[in-house]
Structures are given as C-alpha cells and as structure tokens.
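In what follows, a structure is listed as structure tokens, so that the remarks can point back to it.
The values are calculated or read from the model by the stated rules, or taken from the named source; none is laboratory data. For clarity, every value in this text was computed on a predicted model and none was experimentally measured. Here the Cβ positions follow ideal geometry from the backbone for every residue, glycine too, while neighbour counts run over all protein chains shown.
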Amino acid sequence: MALKISVVGTGYLGATHAACMAELGFEVIGLDIDQAKIDSLALGELPFHEPGLPELLRKHVATGRLRFTTNYAEVADWADIHFIGVGTPQRADGHGADLRYVDAAVRELAQRIHGDALIVGKSTVPVGTARRLAGLIAAEAHPDANISLAWNPEFLREGFAVADTMTPDRLVIGTQDKASEGLLREVYAKALGADTPLIVTDFETAELVKVAANAFLATKISFINAFAEVTETIGGDITTLADALGHDARIGRKFLNAGVGFGGGCLPKDIRALQARVSELGLTHTMGFLAEVDEINLRRRERVARVTLAMFGDDLVGKKIAVLGVTFKPDSDDVRDSPALDIAVRLYNAGAEVSVFDPKGNKNAAARFPRLNYVDGLTEAVTEADAVLLLTEWAEFKALTPEDLEQLVASRRIIDGRNVLDSAAWETAGWEIVSMGRRYAPLDG
C-alpha cells in the first residue's frame, strides 16, 4: 500500500516539500493553522516567489494528489508519515530559536494519532530538540499509538528549492530505529536510486548538520568580506584575491564573493541560535567566533551607507538614490534580514529620497518599510538619480551597461554592492563606480 504523507506547516519549506512529494507520486495533505494561507494554496496560488514551484502546486492540486487542511484530526487519521516544516524564528527576547511552533505541531499530532505513524522533523532546530520531542511524544501519545520520530534536515537554497528537494546533494536521517529509516528510504527512493549520498545517524548529528553548514557558509562569506575591509583600506583587488584562493581545492571559490553580506531567513538566525544553544550547554566560548562573523556581516551594510554619504560630502538631503534590488538574493522575494533593504532604509534615514526597484521583492519590502519609494521598473528607479546602488544581483541588473543608464541619471555615480559589473568599462564611460573590496576616494560632488 502506498505511503500517505502529511506536511505540517505550509510556508516556504512546507509548501515546497508537499508539492515535491506529490510530484514523486505520493498522496499528500498539507496542514497549516492559517486559514487564508490554506485557502490560497488550495486554489493553486503560492504566497511567495520560488521558480518552478507554482507549476508543481497547480499541477497536483488539479490532479487531487495534493490537498490542504487546517484540521489536525484529519491529518492524524489519514497519513502514515508526518513531516514537520514549521518555522523556527529567532526569539523576540534573545538569539535562541523559538520552538513554540515545532512543539505545538508535534504535540497536536501525538495527541491525535492512533496506530502506527512516523513524525519526521525537517525544521532547523537547536541540538537536543529531537530527543526532547521524543519524550514529549511518549508522554502525550495514546496507549494504542506507535509513533516513531526521525529528523531529516532540509538544505534548500531559495531560488533552487524544487531541484534541491527532487535531486538533493545529500540526504541525512537521524533516527533511533531501522523501521523509520526504511520508511524514509521508501520516500526518497528516486533520489537514492540516482546515487544520492545517504547519511543515517543519531538525532544530535542530524540536527547539527544544517546549522553547521550554515555557520560554515556564513563564516566563508564574512572571511572574504573581512579581507575586503583590508583591500578597501590599503588597495588590492578582492575579486582577484578570491579567484586565487578558489583555485585551492581545499578552499574552493563558492561563497567567496565580497559584497554587502548575507541575509535571509536562515544564515543570520541560525548562527545566532547556534551561539545561544552552545552557551546553554556551558560551552560559552566554543562558537564565539560566530559573533565576529555576524559583526563583519553587519559592517558591510554600514560600509555601503558610508560610501554613499561620502559621495555627497556627508549630506544626502535632496539627493535621489536609486536602489536596484531589496531581496537578500536574486530569484526570491524574501527580504528577511536583507542587507539591501537595510542599506536603503539607512539612506532614507540620512535624508535621501530612495527609489527602489526589485523584480519580485517590492511588495514584501513595502510591508516592512513602507516609507521608501517603490517603483515598478528600472527606468523609473534610475531616472534623475544622483547615484545608483546595485544591491541584489538579479540577472537584469548584472547585464546593465553604462549606455543603459547614462541618458537617464542625473549624475554618473554607481555603487556595485555585489561586484558583478565591469568596473573598467564603467570608468571608461565616465562613471564614478565603487566596487566592494576596492579603495574609494570620493570625487568632488
């Protein structure tokens, strides 16, 4: 008999996992306590941007293989495997992860399941959470229930989430029993048949894999940005430096791009939550270096704001600044902890008129900071601009040439916050261009 799957939480992670499980041939039900979100998904409408996902959602809502509900009892009675994909945001009172939604989801299922079932955590949680939840399940479950728990962390990249789910670069399963492993091997049979590496381990290792990966990537980004601070002071080319480092197979070139730093809903909160958790374990200094990683990252935003001010003698009042991109990365509408949006707000607070265009992020950015001037196209954003800031490397921004803008702007000044433009070409065309990791001496305004 084919396995029936539920996915609890239908945000970015949950909606992606649910649609991809349906694409793999399973009957799937998605559960969320937000009725409006469920109604939207049931109509095949996705409340966020992710390439390729809307098509899968509409396809399997239409086939009936994927449906949605707010009813825990319905889900508990119907599904064999329950994936937990709810959010674990940073706590309002500190850097630790807020586990209320994970705890509530597991408790609601444990109290309603009868017979055999497997609960699988996919949410990113502090180490020790799964073992605690196993105890919660044991305490809350019905006497006639046989509920197992496994942890199966996600490694989704925004903009590539469908591919990362369908053809992952590795699968990690934390479990205490062979039966749970067997069920998850059945779920992921197609990926395993394509020789996807599988790591079967204990709860703690499975929990640590995701946060360790994010901590490493954040450290690598801040590492090159720390060297950018050096080259901005003494000279040198940070891109050439990164290229040279990247030829070392032990280091690699990926994530060695100097710029405005990292953001989004994962890296910032995960490195802070990791620090908080190891401190709770009495390892106060073990992850201390991540505080500096975080600080270096935040300094990149300050750097761009300072350079923009320096262009105009520290006076932005009456100046129009065009900001190209406010999402934390391209191919996403996510503005959570976005360096680009942070910089735009800093310039607004310094007195500038900030005109913002992002292909997908304007709506979400406006919900967070409505006082910026959000426009519908690049031309409107840059027309009569005193300076242009490229802060998210959308393909259409990377392809810009001096000729595209020179008849529109009021002043030929551009800051390449992602190091994606040909600086020499812009300088030859008469532009004052600032790239990250290069010395900057402002011209006379």
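Scanning the range 268-304 for residues that are outside any helix (DSSP H, G or I) and hydrophobic (A, V, I, L, M, F, W, C) gives LEU281, LEU283, MET287.
The single condition among (1) more than 20 Å from the chain's Cα centre (by Cα); (2) more than 24 Å from ASP404 (Cα to Cα) that GLU353 does not satisfy is (2). Look through the range 311-328, keep the residues that are of a type in the set (D, E, K, R) and surrounded by 21 or more Cβ atoms within 10 Å (Cβ to Cβ), and return whichever of them is farthest from ASP376 (Cα to Cα). In this case the residue turns out to be LYS319. For the range 1-119, no helices (runs of 4 or more DSSP H) sit wholly inside it while including 3 or more residues that are in contact with a Gly (Cβ under 9 Å, 6 or more places away or on another chain) and assigned by TED's automatic domain parsing to the domain that holds VAL278. Across the range 380-427, the qualifying residues are those that are among the aromatic types (Phe, Trp, Tyr) and closer than 21 Å to GLY264 by Cβ, and the one among them that is surrounded by the most Cβ atoms within 10 Å (Cβ to Cβ) is TRP394. Residues that are polar (S, T, N, Q) and within 19 Å of the chain's Cα centre (by Cα) were ranked within the range 1-39; the one that is nearest to PRO54 (Cα to Cα) is THR16.
Screening the candidates SER279, SER222 for the property of being in contact with a Ser or Thr (Cβ under 9 Å, 6 or more places away or on another chain) and not assigned by TED's automatic domain parsing to the domain that holds ARG157 yields one hit, SER279.
So that you can scan it fast, the table gives a plain yes or no per residue for (1) at pLDDT 95 or above; (2) basic (Lys, Arg); (3) more than 30 Å from ALA18 (Cα to Cα); (4) surrounded by fewer than 20 Cβ atoms within 10 Å (Cβ to Cβ):
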| position | (1), (2), (3), (4) |
| --- | --- |
| ARG185 | yes, yes, no, yes |
| GLY193 | yes, no, no, yes |
| VAL230 | yes, no, yes, yes |
| LEU241 | yes, no, yes, yes |
| ASP248 | yes, no, yes, yes |
| LYS254 | yes, yes, no, yes |
| GLY259 | yes, no, yes, no |
| GLY265 | no, no, no, no |
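Report yes if ASP404 is in a helix (DSSP H, G or I), in contact with a Lys or Arg (Cβ under 8 Å, 6 or more places away or on another chain) and not aliphatic (A, V, I, L, M), otherwise no. Taking the combined requirement at face value, the residue does not satisfy it. Among the residues here, VAL382 does not qualify as assigned by TED's automatic domain parsing to the domain that holds LEU316, over 25 Å from GLU50 (Cα atoms), aliphatic (A, V, I, L, M) and out of contact with any strand residue (DSSP E or B) (no Cβ under 7 Å at 6 or more places or on another chain). Tell me whether the range 296-309 contains one or more residues that are in contact with a Pro (Cβ under 7 Å, 6 or more places away or on another chain) and closer than 28 Å to PHE255 by Cα. Scanning the range 296-309 turns up at least one residue that is in contact with a Pro (Cβ under 7 Å, 6 or more places away or on another chain) and closer than 28 Å to PHE255 by Cα.
Taken as a whole, the structure places GLY235 among residues that are more than 27 Å from ALA276 (Cβ to Cβ) and modelled with pLDDT under 95.
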